[in-house]
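Below you'll find the structure I mean.
The values are calculated or read from the model by the stated rules, or taken from the named source; none is laboratory data. Small disclaimer: the values here were computed from a predicted structure and weren't measured. Glycine gets a Cβ as well: all are built from the backbone with ideal geometry, and neighbour counts include every protein chain shown.
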Amino acid sequence: MKKGNQGFWVILLAVGLMAVGAACSVKLGEDFDAGFDGGDADADADGDADGTASVQFNWAIQDANSPSTTYTCEEVGAAYIQISFTTSQETYYAAWYCTGSSGSAETGKDFPAGTGTVTFELLDVDGNVITTGVDENGAAWGDVELAEGVNDFGKVEFQFVSDDVWDPTGTDATILYNWTIDDSPPTADLCTTAGVDYMTLWIWNPDTEDWWTDESILKADCTAGGIQPTDKFLAAGSYKFFGGFYKDNQPNPDILVYYDDFGDQAMDIVAQDAPNDLDVVNITTGAMQLGNLTLNLKWQDASGAFQTDCTKAGVMKMGFLLRSDGWVAAQVPLTKEQAIDCLDQLVFEGVPYDTYEFLAEGVDDGYKIMWYHICNNIVMSQADATYECDISYQTPGQ
């Protein structure tokens, strides 16, 4: 299976990170220096870790009929990997942020030693079960005996078939897409005036809410004035496209200067020898309106109260996603490498006028994923806008 580059892309990244619980200023195109100093599991249903047994395993997302074919968490719509251990008295949980197509996981001593039922699951971002894991023989785990210390479950397979996974690649069709600047073919001078170095065309995945692109086909220098693949690379179907025009901002993340959302409508790509024409977009220099967006964050504690100081709610690390319907403005994944110290305020500078949603996730001092919420209808239509976002306390899968 041909794979393009999966995942969201980032145009707004933080510049100044204050102490834990303070504010964070997020500025267009500058780098986000963040770290996550370890931790893995979510923990048991009560948030305690008083057990004597730990669990470790390797996991992979595979094709049920062709194990060498793998899928990413993004492709199958998975946000978390969860293990549950159910005894006669209680169910205990541990969860990990799902990235890539395989990995390893290990809990602390979060489980009691003894007999119970073990289940491995992939969850979506809302905590819904996508599929249940099986062992290398295709069998689910039933009743098991957890011994004190480490319990190694070997390999856990999450199996899918190709029909379950959205994939736009194929040999039915190719496309044609062109752009102008101020109604003229782009020259080096016009591209410099517009602040555009290159363009990348993205295809939206409505099932996993993620983007797909293949930069070897769908990326071109600004002065090229178009993307004109010569070989068929798409399967026929209905797709939503997004055109991002970027300024190269190395070594920091590149800046989105202009975008084309194609009217936010799905477009039919038909199987034919002639290219499917996506038409021409004109970039008007200086036309994008930008403003500053302030988000005041309140984090719910275990008692149900919302705290203006995230540390009082018990939050240690956080990740977030600011996006409009057609594109992502900023993202910090809740991974070991990229999560940041918890914040009570985020200030986004240079935000294009649009309507956004803000997703926030947080972990406690045991690196348990205990906070998740989406704040909707954030309208950016003026030079400065401020919104409040209350982030709920909860455990994925509960």
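I'm checking my understanding of the structure. Among residues of the range 84-117 that are crowded, with 20+ Cβ neighbours inside 10 Å and without any contact (Cβ under 8 Å) to a residue 40 or more places away in the chain, which one is nearest to Glu361 (Cα to Cα)?
The residue in question is Cys98.
Starting from residues that are under 13 Å from the mean Cα position of the chain (by Cα) and of a type outside the set (Gly, Ala, Ser), keep the ones in the range 355-376 and report whichever is nearest to Ala302 (Cα to Cα).
Only one residue tops the list, namely Glu361.
Okay, residues lined up against (1) farther than 21 Å from Asp126 by Cβ; (2) of a type in the set (Asp, Glu):
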position	(1), (2)
Gln300	no, no
Ser303	yes, no
Asp309	yes, yes
Phe320	no, no
Gln331	no, no
Glu337	yes, yes
Glu349	yes, yes
Tyr356	no, no
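Another question, then. Taking only pairs six or more apart or across chains, which ones have beta-carbon atoms under 7 Å, a first residue in the range 221-236 that is farther than 14 Å from Val270 by Cβ, and a second residue that is assigned to a loop (DSSP other than H, G, I, E, B) and of a type in the set (Ser, Thr, Tyr)?
The qualifying pairs are Thr223/Thr187; Pro229/Thr174; Asp231/Thr174; Phe233/Thr174.
Quickly run through the range 68-77 and pick out the residues that are touching a residue at least 24 places away in the same chain (Cβ under 8 Å), surrounded by fewer than 21 Cβ atoms within 10 Å (Cβ to Cβ) and either of a type in the set (A, V, I, L, M) or in a loop (DSSP other than H, G, I, E, B) (or both).
Within the range 68-77, Thr69, Thr72 qualify.
Hey, Ile175 hits all of (1) over 30 Å from Ile283 (Cα atoms); (2) among the aliphatic types (A, V, I, L, M); (3) in contact (Cβ under 8 Å) with a residue 60 or more places away in the chain but one; which does it fall short on?
Here Ile175 clears every test but (1).
Among the residues of the range 54-69, which ones are at pLDDT 90 or above, over 14 Å from Ala95 (Cα atoms) and β-branched (Val, Ile, Thr)?
Listed by number, the list holds a single entry, Ile61.
Please tell me if Gly319 is in contact with a Pro (Cβ under 9 Å, 6 or more places away or on another chain), buried (at least 21 other Cβ atoms within 10 Å of the Cβ), in a strand (DSSP E or B) and not assigned by TED's automatic domain parsing to the domain that holds Tyr80.
Yes: the conditions hold for Gly319.
While we're on this one: I'd like the residue in the range 182-197 that is under 32 Å from the mean Cα position of the chain (by Cα) and not in a helix (DSSP H, G or I) and, out of all such residues, is surrounded by the most Cβ atoms within 10 Å (Cβ to Cβ).
Among residues in the range 182-197 that are under 32 Å from the mean Cα position of the chain (by Cα) and not in a helix (DSSP H, G or I), the one surrounded by the most Cβ atoms within 10 Å (Cβ to Cβ) is Val196.
Results for (1) surrounded by fewer than 19 Cβ atoms within 10 Å (Cβ to Cβ); (2) within 25 Å of Trp166 (Cα to Cα); (3) assigned by TED's automatic domain parsing to the domain that holds Asp182, shown as yes or no for each residue.
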{"site": "Trp202", "(1), (2), (3)": "no, yes, yes"}
{"site": "Leu218", "(1), (2), (3)": "no, yes, yes"}
{"site": "Cys222", "(1), (2), (3)": "no, no, yes"}
{"site": "Lys232", "(1), (2), (3)": "yes, yes, yes"}
{"site": "Tyr239", "(1), (2), (3)": "no, yes, yes"}
{"site": "Gly263", "(1), (2), (3)": "yes, yes, yes"}
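Which ones in the range 268-311 are within 30 Å of Val363 (Cα to Cα), touching a residue at least 60 places away in the same chain (Cβ under 8 Å) and exposed (fewer than 14 other Cβ atoms within 10 Å of the Cβ)?
Ala302, Gly304
Residue pairs, Cβ under 7 Å, 6 or more apart or interchain, first in the range 333-348 and closer than 25 Å to Gly291 by Cβ and not assigned by TED's automatic domain parsing to the domain that holds Asp301, second surrounded by 19 or more Cβ atoms within 10 Å (Cβ to Cβ) and hydroxyl-bearing (Ser, Thr, Tyr). List them.
none
Taking the range 223-274 only, how many residues are part of a strand (DSSP E or B) and under 25 Å from Glu349 (Cα atoms)?
Summing the residues that are part of a strand (DSSP E or B) and under 25 Å from Glu349 (Cα atoms) in the range 223-274 gives 12.
Right, another one. If Gly362 meets every condition in (1) buried (at least 22 other Cβ atoms within 10 Å of the Cβ); (2) within 24 Å of Leu256 (Cα to Cα) apart from one, which number is that one?
Result: Gly362 fails condition (2) only.
Tell me which residues, restricted to the range 288-316, are assigned to a loop (DSSP other than H, G, I, E, B) and among the charged types (D, E, K, R).
Asp301, Asp309
Show the residue pairs that are 6+ apart or on different chains and have beta-carbon atoms under 7 Å apart, the first residue being within the range 134-155 and within 9 Å of Ser54 (Cα to Cα), the second being of a type in the set (Val, Ile, Thr) and surrounded by 10 or more Cβ atoms within 10 Å (Cβ to Cβ).
Glu148/Thr52; Asn151/Val55
Using the structure shown, decide if Ala94 is under 22 Å from Met370 (Cβ atoms) and small (Gly, Ala, Ser).
Considered against the rule, which asks whether it is under 22 Å from Met370 (Cβ atoms) and small (Gly, Ala, Ser), Ala94 comes out as yes.
While we're on this one: In this structure, does Asp183 turn out to be on the phi > 0 side of the Ramachandran plot and touching a residue at least 60 places away in the same chain (Cβ under 8 Å)?
Yes, satisfied.
Given the structure, is Phe306 within 22 Å of Thr99 (Cα to Cα) and modelled with pLDDT of 90 or more?
Taking the combined requirement at face value, the residue does not satisfy it.
Just one of Ala266, Ala302, Ala287 is of a type in the set (A, V, I, L, M, F, W, C) and out of contact with any strand residue (DSSP E or B) (no Cβ under 7 Å at 6 or more places or on another chain); which is it?
So the residue among Ala266, Ala302, Ala287 that is of a type in the set (A, V, I, L, M, F, W, C) and out of contact with any strand residue (DSSP E or B) (no Cβ under 7 Å at 6 or more places or on another chain) is Ala287.
Further question on the same structure: Please give the strands (runs of 3 or more DSSP E) falling wholly within the range 322-398 in which 1 or more residues are at pLDDT below 80 and closer than 20 Å to Asp264 by Cβ.
Correct list: 328-332.
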